[in-house]
Every structure is written in structure tokens, then in C-alpha cells.
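Step one of this worksheet: look at the structure below.
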Amino acid sequence: MGAVSTERCYEKLKSKATEKIESLKQKPVVWIGTATCGKAAGAVKIREAFKEEITGKGLDARVIEVGCMGYCYAEPLAIISKPGFPTLCYGHLDEGLVKRLVEDFLVNDDPCFEFAMVALESNDFFPTFTDFPRGVYEQKIILEHCGFIDPEDIDHYIDREGYAALAKVLTMKPEEVLAEIKASNLRGRGGAGFPAGTKWEACKKAKGSVKYVICNADEGDPGAFMDRSILESNPHQVIEGLVICAYAVGATGGYFYIRSEYPQAIRRVKTALQQAREKGLLGNSILGSSFDFDIEVFQGSGAFVCGEGTALVNSMEGKMGIPEHRPPRLSTSGFRGKPTVLNNVKTFCYVPVIMRKGADWFKSTGTPSSPGTAVFALVGKVANAGLVEVPMGTTLRQLIYDVGEGIPGEKKFKAVQIGGPSGGCLPKSALDVPIDFDSLQEAGAMMGSGGLVVLDEDDCMVGIARYFLEFTQKESCGKCTFCRLGTKHMLEILNDITKGQENELASLNILWELAEDIKAGSLCNLGKTAPNPVLTTLRYFRDEYEAHIKEGCCPALTCKHLITYFIAPEKCSKLCNVCVGSCPTEAIYTREDGLKAIGQEKCVKCNNCLKACPPQYNAVVKLSPPELLKEKESELK
Amino acid sequence: MLKGKSSKSALIQITPKQNRNLFLKGMFLMELLEGEREIIVEHVDAILKNYRNDRENLIPILQEVQGRLGYLPGLAMEKIAKAINIPAVDVFGLATFYNQFRLNPPGKHQIKVCMGTACYMVGGQIALDSFERRLNIKEGETTCDRNFSLERVACVGCCSIAPVVVVDDIIEGKVTPTRVDGIMLSFETDSQKKKNEKEKCEEEGNQLWVQFLQKDAMKN
Ligand SMILES: Cc1cc2nc3c(=O)[nH]c(=O)nc-3n(C[C@H](O)[C@H](O)[C@H](O)COP(=O)(O)O)c2cc1C
Ligand code: FES
């Protein structure tokens with residue numbers, strides 16, 4: 001009886017949603033990406049401009065806010081759908097372009113192909129995603145709907161098969177659901193890649209009538225934003241996954257742990273939860289079944305270590321976020337001492353799709369040991385920065401050169417940093433390493449949070465290692481001596497190296513030893529992985545460390561203390577005054593012979609003059625080690 | 001340790017980890033201004049009414065207090081401790097453990113420099129240095145007139161226009177020292193204009209802060 005009514009309940013929701021979306025499609029719609037990345041690029045202004053133009057022209061068209069499509073480099077973005085035309089996506093919008101699009105496309109039927117980026121479905125006029133290299137490699141499972149649906153309207157998600165998996169699951173036995181997830185070999189996307197099915201099973205078997213499911217959205221890596229993007233673009237898919245998990249393990253309460261730095265994600269999740277309750281997808285007797293479950297939002301307070309399971313639980317209980325010894329694992333004794341499942345946002349996001357399409361379908365993507373896809377925030381020196389989803393097993397080269405379209409300018413690739421503060425830097429020789437949990441670990445990096453930073457010849461590897469270590473050092477909770485003091489000692493050595501105050505090569509051995517000790521002597525993975533950025537750079541870029549120490553020279557010309565700025569007299573035009581005006585500390589002056597020169601005692605090395613000097617002269621150069629300056633100056637005399 | 005009228009000092013002992021965080025947060029508790037004390041008490045009492053006296057609610061309470069007052073005054077922490085019936089040091093410990101909480105009032109204008117990976121790599125530090133130079137404060141501090149506060153934040157999500165600075169919720173991309181000068185200049189001309197209009201009430205930056213709080217109190 002339950003099964004029938006559940007199906008009927010869902011059918012009703014679905015047909016209502018479809019009706020609404022169909023009627024929406026009868027009229028022109030402008031979909032604007034207003035996730036944080038879009039807003040940062042000025043999407044709010046663009047939204048207002050569209051609204052104003054549309055009302056001004058008296059058009060019957062709607063403006064709808066959507067999330068992030070992953071093409072962050074082209075924000076602000078809008079998709080325009082008009083009956084009778086292919087749905088087109090426009091990037092790099094400004095107010096002038098908005099005027100033009102409304103006038104030419106919405107009023108006059110000219111889709112302005114010259115400004116369009118891509119069409120959403122195949123047509124005879126304009127290329128679609130799959131006609132670009134990025135589209136060939138990308139395969140979207142969890143980002144499928146991100147950027148194409150209104151995250152604040154549940155009907156958009158339901159129309160796209162949303163909550164169908166939940167309806168199906170509620171007619172199954174919890175054991176069957178668990179078996180399906182286990183069969184899919186879904187591995188946790190929070191960093192360590194622990195099989196989700198195993199975790200769920202342990203919690204299911206644990207004794208007790210009160211159990212919790214928590215979604216970890218404490219994304220603390222300073223360069224990653226996948227979880228935020230998903231929560232802002234399609235919160236319902238995560239909610240659906242969480243409810244399915246709760247059904248499988250028999251949980252009684254659910255939580256989202258979202259960091260408070262993500263106000264928009266928090267707002268959208270709360271709205272989504274409310275709408276799900278109104279539709280009977282949360283709360284008592286979900287979809288007419290006998291299953292009761294509800295979810296609350298807890299705001300994290302900005303401590304990286306709270307991403308760690310036991311610390312997260314402590315912080316939810318109103319204590320300091322300090323990790324605890326395991327066992328007991330969370331699955332037997334977690335939040336309030338009850339059995340708890342903790343999974344990452346992305347992990348939950350896969351669950352509805354697996355339940356709908358089956359474990360075998362899921363395993364057909366990716367590699368046998370790491371099935372499915374990998375989601376990365378691709379940033380740094382790469383042409384098409386943004387959010388990408390590729391099958392596991394894609395090589396780094398394909399990801400950087402095909403999906404990201406390579407390195408901008410004429411610069412050379414140097415390294416790629418994967419996994420944020422717990423990951424490592426891989427050199428050119430590792431470009432053909434396939435991306436999956438185990439291969440990356442072997443190469444010395446880690447899947448980690450999913451930040452992927454491309455570095456080119458202008459980036460100093462010692463500086464990067466120092467940057468990440470400084471981060472973990474600050475975020476160390478201070479419980480373990482090795483993590484607290486060891487990282488500090490390492491940071492001091494690295495500081496000295498980047499300042500040119502370290503001239504013993506032996507310090508590199510000390511760094512190495514400290515790193516090994518910290519790995520061995522720390523309780524949680526924050527300490528265990530904190531030395532990774534240093535270890536990998538030492539392994540692959542030892543020559544850069546040595547240049548800093550032996551010659552006082554930063555080969556990438558970035559360490560502030562090891563460079564000086566110099567205006568090459570043979571290149572300086574004498575007549576141009578740009579650099580003088582650009583200097584914020586008035587360090588640049590005009591010599592008697594008309595050449596410009598830098599007063600070194602005033603120079604703060606802000607790089608402004610180098611950027612300001614017109615490209616036809618390119619007279620400002622950086623010198624390292626700084627002693628080179630004396631040579632150059634004596635040449636001048 | 002706790003300065004200002006509110007403190008019953010010597011109440012609180014500080015661990016090394018907290019001490020470091022205090023330092024990072026530009027720690028020295030600022031003096032309360034005329035009228036501030038009443039506003040704090042009023043807000044905190046109102047917030048506490050909405051929560052059960054349960055330790056699990058401690059972080060949400062602190063978040064709400066900070067949401068309303070802009071920071072966590074020592075007085076507020078003591079009141080909360082009493083309400084939940086835990087030692088004040090526990091509240092203080094929490095407030096210094098988590099990066100979100102600030103113990104000093106924010107400036108009227110908040111400047112946040114992104115130090116996420118992408119921004120750091122293309123000159124986030126240079127932007128931060130420029131602000132420190134212009135404002136004559138270090139990151140985590142507020143200027144004496146409480147007009148500006150300077151912070152570093154992790155990725156704000158627009159790495160493609162790095163380095164990024166958020167000035168009063170307006171995002172500035174590709175920030176160079178020249179742009180920093182431009183931003184500061186626009187504030188200066190703004191305040192100059194206002195000054196001419198309403199010389200009297202603008203005289204004291206301090207006065208403004210109280211007004212701001214009072215306005216806020218009325219809103220809630
Ligand atoms: C210092 C530290 C920070 C972490 N940060 C996060 C995080 O931000 N998000 C996350 O999902 N997992 C994070 N983790 C991993 C979690 O501890 C946990 O393994 C994960 O949430 C489990 O979910 P999964 O099985 O779906 O990966 C972190 C771990 C450590 C040690
Ligand atoms: S790192 Fe600064 S916006 Fe992402």
C-alpha cells in the first residue's frame with residue numbers, strides 16, 4: 001500500500017512541476033548566474049539592467065536567477081531562451097550588451113550570434129558544449145543541473161527527475177538501498193576517498209534508535225569552491241542524497257554543517273529545505289510513506305580543522321573544534337554520542353543519480369577503483385578557470401590543456417598544486433598521471449578538497465609551499481605537539497629561506513625530518529598532511545630551494561626579499577613618465593640625463609611600475625639576487 | 001586584560017593558542033564608548049530569550065550577537081556565560097578559537113583582502129601591503145577613528161579576476177597599488193563632501209559609531 005501511495009504522491013508533484021516549467025518555456029526567459037562567482041563579477045547589476053530594459057520595452061519576458069555553470073572566467077553570464085530559437089548562453093556581459101540583447105534578440109528576433117558563447121541544445125546555427133574540447137572531456141553527473149535551474153524553486157529540480165530517486169528508494173528496503181550504494185563503490189569526495197557504503201553499513205549496524213546524518217560543507221581549503229557552488233546552484237540534489245542516506249541507515253535527524261563565510265549557500269539551502277517540507281519531501285511521512293526525517297542547518301565558524309569529523313561534531317556540540325582519538329568512529333559514536341554518518345556535499349550529490357540509474361551505470365564512468373567523476377575548482381595560470389567535472393582517470397594534461405585550454409600568455413607550465421593545504425605540487429613529468437584517488441596519492445599529492453591550481457614559471461615553489469604551510473600552521477588546533485610546534489619550526493625555516501636569511505643547505509634536511517616527524521606524530525589528518533606541500537616541492541623542485549639558499553636568488557623572481565627592481569637605461573624612453581606616476585611611494589625619479597631611476601630605500605616592491613611601463617619599452621626589470629643591482633649600476637657609470 | 005568599563009578583569013586565563021589568535025585578531029579590547037554598554041545589554045538579553053540555555057546553542061548565540069553588534073564585546077560574553085551557566089573562560093575560549101568571531105568592533109568601512117590561493121599567487125600580498133601602508137594598521141586591526149578595518153579572507157569565489165579586495169561588500173578585481181590609492185581617495189573625497197555638509201555631527205568618528213548602533217537597535 002505504501003509503495004502505491006508514494007508513487008502517486010510523487011507523480012502528482014512531478015506533473016505539477018512539469019506543467020509549471022512548460023508554461024515557463026512558452027515565453028522568453030533570461031537566466032542569470034547569481035552564485036557568488038557571478039555576483040562578484042557584477043551579475044546583480046546585469047539582472048537589474050535586464051529587468052529595466054524588459055519593463056521599459058513592455059516585453060512579456062521573465063528574468064530568473066540560477067547558480068553557477070562552471071564557466072567562471074566568463075561571468076557575468078546569462079542564458080536566453082526564446083521559443084523558436086536555440087537556447088543561447090552569453091558571457092562577459094555588460095550593460096551595453098544587455099541593451100543590445102534585449103533590443104535585438106528579445107524584441108527583434110536577432111540572436112546576436114557574434115556575442116553568444118555556446119548553445120545549450122544542438123541546432124543548425126550555433127555550436128554546443130560538445131563542440132568544444134572542454135565539452136568532450138567533461139561529463140557531468142553532479143554538476144549536470146548547476147546553472148540551468150532556479151535553485152530557489154523546487155519545481156525546476158523536480159521537473160528534471162528530481163526526487164524520483166527518493167520516491168523509488170522509499171519503496172525499497174533499506175538493505176537494498178545500502179547494497180546498491182555498496183555495489184557502486186562510491187568513494188567519499190571529502191578528501192580521503194573512504195567508501196561511502198562501508199561507512200553507511202557501520203552506522204546502520206550500530207546499536208541505538210537515535211542516529212544522525214551530517215553533510216560536511218565546511219569547505220576550508222582557501223582555493224576551493226565546489227561545495228559552495230553546488231549548494232548555491234542545486235541544493236535539492238544534496239538534500240535528496242541526504243534523505244536517501246538517512247533512510248538507508250535508519251537515521252532520525254539530519255544536519256548541514258555549512259561554514260558561515262557562505263551566507264548565500266546557507267540562505268539557499270534553508271529556502272530549499274523549507275520548500276521540500278512544503279511538498280512533503282521532508283518532515284513526517286515523507287511522500288506518504290512511514291518514514292519521518294528532517295534536516296537542520298548548522299553554521300560553522302571558520303576553522304579549517306572543523307572539516308575533520310570529530311572536530312566537526314565537537315563544534316556542533318558547542319565546544320572548541322578539536323579532533324579526538326578514533327576509534328570510536330563517528331559511525332558508532334558521533335554527534336551527541338550517537339551513531340553518525342558524515343559525508344561530503346559531493347558524495348551525497350551522487351547518491352540520487354546512482355539510485356536512479358543504478359550502480360552499474362555509475363561504474364561505467366571513471367576507473368575501477370575510483371568510479372564516477374572528479375570535480376575540481378580549476379584556478380591559477382589557466383585560461384578557462386572555473387568549475388569542471390571530468391571522469392576519474394582523465395590525465396592532468398587533458399584537464400589543464402584541453403579542459404582549461406592551457407596557460408595564458410607565452411608562459412611555461414611549471415607545476416600543478418592539487419588538494420590544497422593537504423595536497424602537493426606535481427611537476428611537468430607528472431602531467432600524464434591519471435586523476436584518481438590512488439594514482440594521485442602515489443605521486444605524492446592527494447585528491448583532497450578538489451582545489452587545482454596551475455602554476456607557471458612566474459611562481460616560486462618555495463613561496464607556494466610556505467603559503468600552504470602558513471595556512472595549516474595557523475589553523476592547527478594545537479592539540480598535538482608535533483603539529484603545533486613542528487609546523488611552526490618548518491615555517492620559520494621556510495620564512496628564512498624566502499628572506500635569504502638561511503645559508504645552510506643542511507636546513508633542507510631538517511625540513512625533511514620535521515616533515516616526517518609531524519606526519520608520524522599527529523592525531524588527525526590536518527597534521528598528517530600539512531607537510532605535503534613542502535615534501536613534494538622538496539622532492540621535485542629541490543634546485544629552487546638550493547638557489548634560494550646558495551645564491552640568495554629566487555629563480556621565479558617573486559620572493560620579495562630576494563629581488564630588486566631596476567630600470568634598464570638602454571630601454572627607458574626618457575620622455576615617458578608613466579612609472580613615476582605609478583609609484584605609490586614616490587620612489588621613482590628622473591635623473592639629470594632624463595632616464596628614470598628607482599630610489600631603492602623608498603621602493604616597497606609593489607610591482608606597479610613593472611606593470612605600468614608601456615610594453616614597447618618594457619624597461620622595468622626584476623633582478624635576483626639583489627646584489628646584481630650594484631653590477632648594473634656600475635655599468636651605468 | 002579586558003579593558004573598558006565592562007570588565008571584571010583577571011577573570012580569564014589565556015592559553016598559548018588563544019594568545020596567538022588574539023594577536024592575529026589585532027587583540028586589545030577597545031574601550032566601550034558612551035552609550036554602548038546599554039545597547040549591548042539590550043541586544044544580548046533579547047537574543048538570549050530566543051534560545052534554550054544549552055551549550056549546544058552557544059555558537060549560534062555568539063553568531064547572532066556578532067551579527068547584530070558587529071563583534072563580541074567582553075561584556076556580552078560574560079552575560080552569555082552566565083545565562084548558559086558555564087565559566088566565562090569557555091565562552092572566551094570559543095570566541096578566540098574560531099576565526100569568525102571578532103573581539104573588536106569592525107570599522108565603519110570593512111576592507112577584506114582575499115588571500116585565497118589564486119589571489120595570493122598574483123599579488124594578494126601586495127594589495128594587503130598597500131592597504132596596511134595607506135591605513136597605517138596591520139591586518140586584523142581597526143583604525144583608531146574606527147573608520148576602517150582590514151582583514152584577510154579566504155577565496156571569495158571570483159578567482160578569475162584575482163587579486164580581489166572586498167570593500168564594504170563591493171568586489172574589486174585585479175587590484176593594484178594604484179587602485180588601492182584610488183579606493184582610499186574615493187573615501188576621502190566622500191567624507192570631505194559629507195563633512196562640508198554636516199560639519200558638526202561628522203566631527204567625531206566615534207559619535208557615528210554610537211549612532212549606527214542606536215539605529216541598529218531601533219531596527220531590531
Ligand atoms: C583538517 C581537515 C579538514 C577537512 N575538511 C573537509 C571539508 O572541508 N569538507 C569535507 O567534506 N571533508 C573535509 N575533511 C574530511 C572529513 O574529515 C571527512 O573525511 C569527510 O567529510 C567524509 O566525507 P566523505 O566520506 O564523503 O569524503 C577534512 C579533514 C581534515 C583532517
Ligand atoms: S582566491 Fe581570491 S577569489 Fe578565489
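The values are calculated or read from the model by the stated rules, or taken from the named source; none is laboratory data. Everything numeric in this text was worked out from a predicted model, so none of it was measured. FYI the Cβ positions are ideal-geometry reconstructions off the backbone, even for glycines, and counts take in every protein chain you see. Remember, those area values only see protein heavy atoms, side chains included, never the ligands or the DNA or RNA. Shrake-Rupley method; radii C 1.70, N 1.55, O 1.52, S 1.80 Å.
Which of the residues spanning segment A:528-556 are more than 14 Å from chain B (Cβ to nearest Cβ), within 16 Å of ligand 1 (Cβ to nearest atom) and part of a helix (DSSP H, G or I)?
A:528, A:529, A:532
Would you pick out the residues in segment B:44-70 that are open to solvent by 10 Å² or more (accessible area, probe 1.4 Å) and more than 12 Å from chain A (Cβ to nearest Cβ)?
B:45, B:46, B:48, B:49, B:50, B:68, B:70
For segment B:113-152, enumerate the residues that are modelled with pLDDT under 90, under 20 Å from residue A:463 (Cβ atoms) and within 19 Å of the chain's Cα centre (by Cα).
Those that are modelled with pLDDT under 90, under 20 Å from residue A:463 (Cβ atoms) and within 19 Å of the chain's Cα centre (by Cα): B:139, B:152.
Can you find even one residue in segment B:183-199 that is modelled with pLDDT under 80 and either within 16 Å of ligand 2 (Cβ to nearest atom) or assigned to a strand (DSSP E or B) (or both)?
No, segment B:183-199 contains no residue that is modelled with pLDDT under 80 and either within 16 Å of ligand 2 (Cβ to nearest atom) or assigned to a strand (DSSP E or B) (or both).
Can you find a residue in segment A:293-302 that is within 14 Å of chain B (Cβ to nearest Cβ) and in a loop (DSSP other than H, G, I, E, B)?
The initial filter retains those residues of segment A:293-302 that are within 14 Å of chain B (Cβ to nearest Cβ), namely A:296-302.
Add one more test, that the residue is in a loop (DSSP other than H, G, I, E, B), and what stays is A:301-302.
Checked segment A:293-302: at least one residue is within 14 Å of chain B (Cβ to nearest Cβ) and in a loop (DSSP other than H, G, I, E, B).
Specify which of the listed residues (B:100, B:125) is open to solvent by 10 Å² or more (accessible area, probe 1.4 Å) and either of a type in the set (A, V, I, L, M) or in a loop (DSSP other than H, G, I, E, B) (or both).
Going through B:100, B:125 in turn, the sole match is B:100.
What are the pairs, 6+ residues apart or on separate chains, where a residue within segment A:171-194 that is more than 14 Å from chain B (Cβ to nearest Cβ) has its Cβ under 7 Å from a residue that is more than 16 Å from ligand 2 (Cβ to nearest atom) and of a type in the set (Lys, Arg)?
Pairs that qualify, where the first residue is more than 14 Å from chain B (Cβ to nearest Cβ) and the partner is more than 16 Å from ligand 2 (Cβ to nearest atom) and of a type in the set (Lys, Arg), are A:178/A:204; A:184/A:363; A:185/A:363; A:189/A:346; A:193/A:187; A:194/A:187.
Report, ordered by the first and then the second residue, all pairs with beta carbons closer than 7 Å, sequence separation of six or more or different chains, a first member in segment B:148-176 that is within 21 Å of residue A:407 (Cβ to Cβ), and a second member that is open to solvent by less than 50 Å² (accessible area, probe 1.4 Å) and aromatic (Phe, Trp, Tyr).
Matching pairs, first to second residue: B:155/A:225.
Please enumerate the residues belonging to segment A:127-147 that are acidic (Asp, Glu) and more than 26 Å from residue A:345 (Cα to Cα).
Residue satisfying the conditions is A:131 alone.
Across segment B:116-125, what is the number of residues that are among the hydrophobic types (A, V, I, L, M, F, W, C) and facing chain A (nearest Cβ under 7 Å)?
Residues meeting the conditions: 2.
Go through segment A:33-60 residue by residue and tally those that are closer than 12 Å to residue A:102 by Cα and free of Cβ contacts under 8 Å to residues at least 12 places away in the same chain.
Total meeting the criteria: 4.
Suppose we keep only residues that are farther than 17 Å from residue B:151 by Cβ and aromatic (Phe, Trp, Tyr) within segment B:89-106. Which one would you say is nearest to the other protein chains (Cβ to nearest Cβ)?
B:97
Which of the residues spanning segment B:155-172 are more than 7 Å from ligand 2 (Cβ to nearest atom) and surrounded by fewer than 24 Cβ atoms within 10 Å (Cβ to Cβ)?
B:160, B:161, B:166, B:167, B:168, B:169, B:170, B:171, B:172
If I filter segment A:210-226 for residues that are of a type in the set (Phe, Trp, Tyr) and over 25 Å from the mean Cα position of the chain (by Cα), do I get at least one hit?
yes
Which condition number does residue A:130 fail, the rest of (1) free of Cβ contacts under 8 Å to residues at least 24 places away in the same chain; (2) surrounded by 16 or more Cβ atoms within 10 Å (Cβ to Cβ) being met?
Failing condition for residue A:130: (2).
Name the residue that is farthest from the other protein chains (Cβ to nearest Cβ), counting only residues in segment A:438-458 that are in contact with a strand residue (DSSP E or B) (Cβ under 6 Å, 6 or more places away or on another chain) and either assigned to a loop (DSSP other than H, G, I, E, B) or not aliphatic (A, V, I, L, M) (or both).
A:444
If a residue must be under 30 Å from the mean Cα position of the chain (by Cα) and in contact (Cβ under 8 Å) with a residue 24 or more places away in the chain, how many such residues does segment A:522-553 contain? Walk me through how you get there before you give the answer.
As a first pass, look at segment A:522-553 and keep what is under 30 Å from the mean Cα position of the chain (by Cα): A:522-542, A:544-545.
Next, from what is left, pick out any that are in contact (Cβ under 8 Å) with a residue 24 or more places away in the chain: A:522-527, A:529-542, A:544-545.
Total meeting the criteria: 22.
For residue A:326, all conditions in the list (1) of a type outside the set (A, V, I, L, M); (2) within 16 Å of ligand 1 (Cβ to nearest atom); (3) open to solvent by less than 20 Å² (accessible area, probe 1.4 Å) hold save one; what is the number of the exception?
Going through the list (1) of a type outside the set (A, V, I, L, M); (2) within 16 Å of ligand 1 (Cβ to nearest atom); (3) open to solvent by less than 20 Å² (accessible area, probe 1.4 Å), residue A:326 breaks only (3).
When residue A:573 is evaluated against the numbered criteria (1) more than 40 Å from the chain's Cα centre (by Cα); (2) open to solvent by 50 Å² or more (accessible area, probe 1.4 Å); (3) of a type in the set (Ser, Thr, Tyr), which criterion, by number, is the only one it fails?
The one condition residue A:573 does not meet is (2).
Is it the case that residue A:84 is within 29 Å of residue A:55 (Cα to Cα) and of a type in the set (Gly, Ala, Ser)?
On the way: within 29 Å of residue A:55 (Cα to Cα): yes; of a type in the set (Gly, Ala, Ser): yes.
Answer is yes for this residue.
Taking segment A:415-429 as the search range and keeping residues that are assigned to a strand (DSSP E or B) and touching a residue at least 60 places away in the same chain (Cβ under 8 Å), which one is surrounded by the fewest Cβ atoms within 10 Å (Cβ to Cβ)?
Of everything passing the filter in segment A:415-429, A:427 is surrounded by the fewest Cβ atoms within 10 Å (Cβ to Cβ).
Quickly run through segment B:174-189 and pick out the residues that are open to solvent by less than 40 Å² (accessible area, probe 1.4 Å) and either out of contact with any Pro (no Cβ under 8 Å at 6 or more places or on another chain) or among the charged types (D, E, K, R) (or both).
Scanning segment B:174-189 gives B:176, B:182, B:183, B:184, B:187.
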